[in-house]
Every structure is written in structure tokens, then in C-alpha cells.
Amino acid sequence: MSDRGPDAVAQVRADLVRAGYVAAPDLATAVHLALTLPRPLLVEGPAGVGKTALAGAISRMLGRRLVRLQCFEGLDSGQALYEWDYPRQMLALRQAEAKGAEVELFSERFLLKRPLLDALLAEDGPVVLLIDEIDRADEALEALLLELLGEGQVTIPELGTLRAQTMPHVVVTSNRTRELSDALRRRCLYSWIDYPTVRQETEILSHHLPQAAPQLTAQVARLMAALRQEQMEKPPGVSEALDLVAATQGLGEDRLDPFLLGRALGTVVKSAADRERLLGDNGARLSAALQRAEGEQG
Amino acid sequence: MTHGELAARVRRLAAGMRQAGVAIGVAELADALLASQLVTAELEPQRLALRATLARDPRAQSLFDQLFPWLFAAGSELPADPGAEVLPAGQGGQVPSQGGRDRGEALPEFIPAASDLTAAGTESVPQQEGDWRYHAWAASFLAWADRFGGGRAEVGRRLDLRRTLRHSLATGGDPVTLVWKRRPVRRQSLVLLDASRSMRPWAESGLQLARAMARRRADTEVYAFSAQVSRLSRRLGDGALTLPAAAWGSGTRIGEAIRAVLRGAPLAPPRRLSTLIVSDALEAGSLTPLAGALAELRRRSAVVTWANPLADSAGYQALTDAARLVVRAADRYQGLAALTQGPRRRAS
């Protein structure tokens with residue numbers, strides 16, 4: 001294996017940073033292995049920690065096209081893999097009838113490539129295929145993916161088996177709203193992305209918003225850590241932290257205070273129950289979280 | 001460490017994880033050995049590489065993190081029963097700590113040691129007069145009510161309008177073939193049994209009801225909670241199974257237990273759960289986590305049934321704050337005997 005350089009993982013981590021993504025060592029290791037072995041990478045973790053963003057960063061890092069399949073309940077092979085172009089088939093059939101000729105209706109000519117097939121048969125080299133929130137899809141879609149993830153091929157009954165020209169780099173994300181099958185897990189490398197530490201989050205915020213004051217990014221990172229200790233229905237993720245820093249800057253401030261935080265709370269709190277919880281008792285919990293963030297600074 | 005030694009240790013690690021119930025196949029083992037060649041030979045890169053390849057869910061990661069030092073840092077052999085050593089009896093089901101993270105990554109089924117239900121410290125719950133037929137009837141009633149009694153989400157066969165319209169393209173726009181959603185909406189049963197001391201007189205009845213529900217529906221998930229949460233789903237066939245005993249004074253934090261199950265258990269997607277909780281709703285923790293957990297439970301469930309044995313008493317009123325919260329959150333709130341002995345009462 002040629003990639004066993006002393007800095008292979010560090011190099012991947014640095015490349016990801018250049019692509020706008022700050023990865024923890026375990027995630028950088030998983031990405032390095034997924035690209036080198038190569039294997040699909042299954043990423044799980046709470047909402048808003050950067051699972052989807054990882055695929056975008058890998059795409060930018062490799063300079064490859066990103067093909068995204070957003071999963072939802074009821075997603076089927078017609079939307080995920082391929083579909084026959086019925087209108088064109090009918091037109092071709094009528095033309096053939098007029099000429100008294102025959103036409104092969106089930107050929108690649110009439111095949112509409114959906115994201116999975118598009119990624120598999122990409123002619124512009126290996127693409128990065130993001131299968132996002134697979135836990136939202138039905139189990140049938142998982143079964144459909146097994147052949148693609150395991151063998152890099154798909155079978156279309158009318159055409160036969162289509163093999164990947166170049167195996168795409170696959171990132172599968174899940175929020176764990178349901179358990180994925182063992183068969184799918186076994187075909188993937190695995191990484192859990194947790195909420196970042198204060199230090200990591202400060203680094204992420206500074207990286208994405210370099211014009212923000214350092215004390216503001218550090219303060220927001222500590223505040224996020226404090227808020228995640230509150231048992232909120234929807235704990236704030238990294239994207240909420242970015243929004244809060246941007247909002248504070250937009251309001252012309254470089255430091256949070258209770259009043260300002262109250263005005264910008266919509267960037268962090270995304271449910272009425274959480275809002276009520278934080279602002280109840282004259283905002284006691286919110287003030288306490290902010291004080292904890294201030295205290296940790298000291 | 002030579003490559004041969006490394007391979008031997010990885011194999012022993014995989015064997016230990018298999019012994020603790022993690023499925024590791026030859027392909028994963030091959031991936032792990034390849035991965036170990038792709039990173040530097042220091043311990044931490046090796047650990048991260050092996051972890052990404054051998055541990056493919058949070059539970060397996062948790063186990064890996066505790067087994068790895070045995071074989072790689074200390075270089076010693078694995079204990080005879082890795083699962084039991086990882087979770088010593090004294091811990092009795094505490095979630096293995098991972099840097100203080102509170103994200104439910106260690107599934108409740110992993111929480112108890114393999115023998116926790118029969119080990120020392122577990123005492124038999126007094127047997128209440130149990131009649132299997134009545135519990136089976138109650139399970140049937142709940143399934144029937146689940147199927148026809150509505151709840152807050154639809155069940156059964158659903159027309160797939162979008163796919164019907166798309167298929168109609170093949171027939172000149174006429175929707176000749178109606179396309180139905182692939183699988184009818186099917187709910188998963190979740191049973192939570194309160195194993196606190198105050199619930200001991202009704203523990204056996206709750207367990208029987210859980211068994212009856214598991215017989216009706218194979219994917220029923222059953223958990224017992226007191227100070228800890230234990231997964232019972234795969235042990236219900238054991239006739240000697242009893243609920244794990246709660247320690248004196250430990251208190252039952254119902255809200256935290258519900259949240260632990262919802263975050264860690266392999267459960268159906270939102271609105272597909274049919275949840276039954278057998279508990280007296282005597283919350284030892286504060287109300288805020290309970291309110292949050294009940295709200296989350298309600299979002300995840302199509303229907304929440306709360307069977308409170310205290311509600312069987314004449315003149316019972318939900319006066320405590322916790323009970324009021326529960327009454328508001330539950331779609332059905334009734335006594336345990338009223339649920340399990342309905343036909344007998346009517347017969348008499």
C-alpha cells in the first residue's frame with residue numbers, strides 16, 4: 001500500500017481544512033481509509049454536526065463532482081436509480097410503426113439516469129456520491145443499495161448488470177431515527193461525528209468566519225457547549241453556531257450579552273418548547289448558560 | 001510489533017467483539033488488516049483505523065474502545081467473557097462513559113451485563129396471580145385499538161399518488177394502474193416497564209403483558225427501567241426472567257429513562273411507534289426532563305398508552321405534577337388491571 005506515509009491521515013486532515021472542513025482525527029482517519037481501500041463511509045451523528053458538509057468537503061478536496069441523493073420515505077428505484085423514459089419510448093414506437101420498423105424499447109437510449117446510476121456511470125471520473133439521511137428511506141432502498149455499495153454495480157432487469165466505470169466515493173449519512181441493517185453497515189466504514197469540543201468549534205467558526213472577532217467565536221463556542229447541556233429538544237449544531245456568530249456581526253457587535261442573545265435567539269433555538277424553556281423565568285436558563293460560558297473563559 | 005503479531009491481535013480483538021455479540025465477518029477483518037497498513041504504526045492511528053473498520057455502530061464502538069487497550073496497550077489477553085468484564089456486575093448497567101458524551105450511543109441492550117438479570121443483586125419479584133389469557137387479550141386489544149382506533153398517524157395501505165401519476169405516463173396519461181405504497185404503514189410496539197420498588201407488586205403482570213405483545217408482533221421492543229435501563233426484547237423467551245431489582249433510594253427517573261431508550265434503541269421512524277408504558281408515574285427526578293422526554297415520546301409515537309396500576313384504585317386522581325404531565329402526554333391513560341383484566345371483570 002503506497003499511502004502508508006507518516007502523514008497520510010494528517011495530509012487528509014489538512015486537505016479537508018483547505019476544503020473548508022475541520023475534521024477530528026478519527027474522522028480524518030475514516031476518510032483516509034474510505035478513499036484508499038476504497039469503501040463507502042457511513043457517517044452517523046446528531047443533526048447539525050457536519051455529516052452532509054463532509055461529502056461536500058471531500059468533493060472539493062478531490063476536485064470531483066458531487067452527486068447527491070436526498071432520501072425520504074417512499075423513495076424508490078425510479079427516483080434513486082433509473083427510470084424508463086416513457087414519453088420517448090411512445091414517440092419512438094409511433095415513429096417505428098409509421099416506418100413499419102421495430103424498435104428496442106429497453107435500451108440505454110431510453111434510460112433516465114437517476115443519482116445512483118449517474119454516479120455509477122459517470123464518464124468524468126469517480127464522483128463523490130452522497131446518500132443523505134438514509135434512515136429516512138424505506139428498508140427496500142437499503143436492499144437496493146447493497147449491490148451498488150458492495151460490488152459497484154447495479155442490475156437492471158431489462159438490460160442486465162451495469163458495472164461502475166470508476167467506483168464513486170460514497171458517503172452515507174444517517175441521523176439514527178431508525179436502525180440501519182447489518183448488511184448495509186458491513187459494506188461501509190463507520191464514523192460517528194459528535195458535537196465538537198469547544199476548541200474544535202472555535203476553530204471551525206474561525207475558519208468559516210475569519211472576519212469574526214476571536215473573542216466572539218470563542219464565546220459562542222462555549223455558549224454552544226453550555227446550551228447542549230440543557231436538555232433541549234433540538235440542541236444547536238455547528239450550523240447554528242455559525243449563524244449566531246454571523247448574526248452578532250450583522251448586528252454590529254463583537255461580543256454577546258443577554259440582550260443581544262435574546263434578539264438573535266432564533267438562530268440557535270428552533271422550537272417553541274426550547275424557546276420557552278430558555279426564556280422562561282425571565283430567561284434564567286439562557287442567562288445561566290451565558291454566564292457559564294463567561295465563567296469557563298475565566 | 002510485527003505484522004504477524006498485529007494480525008494475531010486484531011483477530012483476537014475481533015473474536016472478543018464477536019463473543020460480546022458484535023457481528024464481525026471475514027470481510028471486516030480483512031478491511032481491518034488492510035487499514036492497519038494504511039496508517040502509521042503508532043498506537044493511536046492504529047486504534048482509529050481499526051475502530052473505523054471493525055466497529056460499525058455506536059454500540060460496537062463503545063465495546064471496541066474498552067477492549068482495545070486490553071490487547072494493544074497492555075498487550076494482555078482478553079478476559080474470558082469480554083462483555084461481562086466491560087460491564088462488571090458492580091456497574092450493573094451504567095452506560096459506559098465516552099468522555100462524558102450524552103448522546104445515547106451505547107444502546108440500552110448493551111447496558112446490562114449478560115447475566116445481569118440473574119446475577120447477585122437481582123432479586124425475584126413477587127409473583128402476582130397472572131393469567132396468560134388475560135394478558136394475551138390485553139395485547140390483542142392494544143393491537144386492535146392500534147389498527148382501528150386511530151392514534152395520531154395513519155395506518156394501513158396508502159395510495160402512492162406521485163408514482164401512480166408517473167406510471168400513467170406509460171398509458172397515455174390514464175391512471176390505469178393504481179400504485180400503492182410498497183409496504184403498509186406498520187407500527188412497532190415499544191413496551192417500557194417500570195422496575196422501581198414501588199412497582200414490584202405489578203412487575204410480573206407487566207412482564208407477562210410485554211411477553212404477550214411480543215408474541216403478537218415480532219419487532220416489539222421491551223425495556224425495563226429503574227435507575228438504569230435494560231433491554232429485555234431478546235430475553236422474553238426465558239421463563240425465569242425477572243425484572244432487575246432497583247436499589248433502595250435510587251429513585252426512578254422516568255424522563256431520563258424514556259429519553260435513553262428513544263435515543264439509543266433501534267426504533268421505528270417517527271410516528272410509527274405504538275408505545276405502552278407500565279408505570280406508576282412516580283418520578284424521582286425533576287419535571288423538566290420528564291416533560292421533554294414525554295414530548296419526544298409523543299412525537300415519535302403514533303399512540304402512547306400508559307398503564308398505571310395506581311389508577312385501578314377507587315377514587316384515584318392524578319394529582320402529582322408528574323402524573324398530570326403523563327395524563328396530558330398519553331393518548332390512553334388507564335389502570336393496569338383495567339387493561340389486563342377487562343374480560344374477567346366483565347365476566348364477573
In the set A:Leu129, A:Leu149, A:Leu145, the lone residue that is in contact (Cβ under 8 Å) with a residue 40 or more places away in the chain, surrounded by 19 or more Cβ atoms within 10 Å (Cβ to Cβ) and more than 14 Å from chain B (Cβ to nearest Cβ) is A:Leu129
Working only within the stretch A:94-124, note down all residues that are over 20 Å from A:Pro157 (Cβ atoms) and within 13 Å of chain B (Cβ to nearest Cβ). A:Arg94
Looking at A:Leu184, A:Leu251, A:Leu256, A:Leu260 in this structure, which one is more than 10 Å from chain B (Cβ to nearest Cβ) and in contact with an Asp or Glu (Cβ under 6 Å, 6 or more places away or on another chain)? A:Leu260
Filter the stretch A:13-39 for residues that are buried (at least 19 other Cβ atoms within 10 Å of the Cβ), away from every other protein chain (no Cβ under 11 Å) and touching a residue at least 24 places away in the same chain (Cβ under 8 Å) and give the result. A:Asp15, A:Leu16, A:Tyr21, A:Val22, A:Ala23
Which residues, counting only those in the stretch A:49-72, are closer than 28 Å to A:Lys270 by Cβ and touching a Pro at 6+ places or on another chain (Cβ under 7 Å)? A:Arg68, A:Leu69
Pairing a residue in the stretch B:6-28 that is in the same structural domain as B:Ala55 (by TED's automatic domain parsing) with any residue that is part of a helix (DSSP H, G or I) and basic (Lys, Arg), where Cβ atoms lie under 7 Å and the two sit 6 or more apart in sequence or on different chains, gives B:Ile24/B:Arg18; B:Gly25/A:Arg186; B:Ala27/A:Arg186; B:Glu28/A:Arg186
Return yes or no: is B:Arg234 part of a helix (DSSP H, G or I), touching a residue at least 12 places away in the same chain (Cβ under 8 Å) and within 12 Å of the chain's Cα centre (by Cα)? yes
If I filter the stretch B:163-181 down to residues being more than 11 Å from chain A (Cβ to nearest Cβ) and in a loop (DSSP other than H, G, I, E, B), which single residue comes out as surrounded by the fewest Cβ atoms within 10 Å (Cβ to Cβ)? B:Asp174
Of the candidates A:Arg228, A:Arg178, A:Arg222, the one satisfying the condition of being over 18 Å from the mean Cα position of the chain (by Cα), of a type in the set (Lys, Arg) and at pLDDT below 90 is A:Arg228
Could you say whether any residue in the stretch A:196-212 is modelled with pLDDT under 85 and acidic (Asp, Glu)? no
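Condition check ((1) within 17 Å of B:Gly292 (Cα to Cα); (2) within 26 Å of the chain's Cα centre (by Cα); (3) at pLDDT below 85) across all residues:
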| position | (1), (2), (3) |
| --- | --- |
| A:Pro236 | yes, yes, no |
| A:Ser271 | yes, yes, yes |
| A:Leu279 | yes, no, yes |
| A:Gln297 | no, no, yes |
Assess whether A:Gly266 counts as being at pLDDT 90 or above, farther than 30 Å from A:Ala143 by Cβ and surrounded by fewer than 15 Cβ atoms within 10 Å (Cβ to Cβ). yes
Contact list please: Cβ distance under 8 Å, first residue in the stretch A:1-12 and more than 7 Å from chain B (Cβ to nearest Cβ), second residue modelled with pLDDT under 55, pairs at least six apart or on different chains. A:Gln11/A:Gly5
Hits in the stretch B:301-310 - residues which are assigned to a helix (DSSP H, G or I) and surrounded by 20 or more Cβ atoms within 10 Å (Cβ to Cβ): B:Pro309
A:Val154: in contact with a His (Cβ under 8 Å, 6 or more places away or on another chain) and of a type in the set (A, V, I, L, M, F, W, C), yes or no? no
Given the condition under 30 Å from B:Leu287 (Cβ atoms) and assigned by TED's automatic domain parsing to the domain that holds A:Leu286, answer yes or no: does some residue in the stretch A:209-219 qualify? no
Within the stretch B:16-32, count every residue that is surrounded by 15 or more Cβ atoms within 10 Å (Cβ to Cβ) and farther than 22 Å from A:Leu35 by Cα. 6
From the residues in the stretch A:44-77 that are within 14 Å of chain B (Cβ to nearest Cβ) and hydrophobic (A, V, I, L, M, F, W, C), which one is surrounded by the most Cβ atoms within 10 Å (Cβ to Cβ)? A:Leu54
Result of the Cβ filter at 7 Å on the stretch B:35-62, keeping first residues that are more than 8 Å from chain A (Cβ to nearest Cβ) and within 15 Å of A:Val31 (Cα to Cα) and partners that are β-branched (Val, Ile, Thr) and crowded, with 24+ Cβ neighbours inside 10 Å, at least 6 apart or interchain, is B:Gln46/B:Val39
So, of the residues in the stretch A:133-168 that are part of a loop (DSSP other than H, G, I, E, B) and among the charged types (D, E, K, R), which turns out to be modelled with the highest pLDDT? A:Glu133
Within the stretch A:247-258, count every residue that is part of a helix (DSSP H, G or I) and modelled with pLDDT of 85 or more. 4
Could you say which residue among B:Phe72, B:Phe68 is more than 20 Å from A:Cys188 (Cβ to Cβ) and in contact (Cβ under 8 Å) with a residue 60 or more places away in the chain? B:Phe72
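The values are calculated or read from the model by the stated rules, or taken from the named source; none is laboratory data. None of the values given here were measured: they were computed from a predicted structure. Note: ideal-geometry Cβ built from the backbone for every residue, glycine included; neighbour counts use all protein chains shown.
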